[in-house]
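A quick write-up on the structure given underneath.
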Amino acid sequence: LHTPQAPRPQDEPNYCFSPDGTRVFAVLADHVRIWRTFDGIVSGAAHNPGEKLSHSRVAISPDNRMMAACCDDGWTRIWEVDSGLERRRLHTPGDQGSVAFSPDGKMLAVAGRSAAVLIHRVDHAAPAFAPDATESRRLW
């Protein structure tokens, strides 16, 4: 069993497995690092230069193709897992920290520490639904 090199404690890493169990994702200071589970080798990364990710959780789409994380600048980024390229930025003002893809991978829930939740369609920048917001409304 290979143990990947752990980040420094002050980086407060958050980890998750890919849905198929073949990779582990870690949110570090300004990037997401990806390890293969069968040999522990780093297989990729998604960078967010200049903006912290350290208080965010990472979510992986059910098809293992996309990952999402909230940034301290009020935006949630969606990257391609294999290339690390940013594919979309979703405006998520406030103190956001948790993200989750829907089972079909078409929606992304972004939750904050204030209990507000925004539901985004992955292919659109505007929220589709804000169930806990003061003025909840459907946009689809």
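The values are calculated or read from the model by the stated rules, or taken from the named source; none is laboratory data. What you see is a predicted model, and the numbers here were worked out from it, not measured in a lab. Don't worry about glycine lacking a Cβ; one is built from the backbone with ideal geometry, like all the others, and counts go over all protein chains shown.
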Subject >> Candidate set from the stretch 76-130 (those that are charged (D, E, K, R) and at pLDDT below 80); member that is surrounded by the most Cβ atoms within 10 Å (Cβ to Cβ) >> reply: D95
Original post:
Any residue at all in the stretch 19-27 that is modelled with pLDDT under 85 and either within 11 Å of the chain's Cα centre (by Cα) or in a strand (DSSP E or B) (or both)?
Top reply: yes
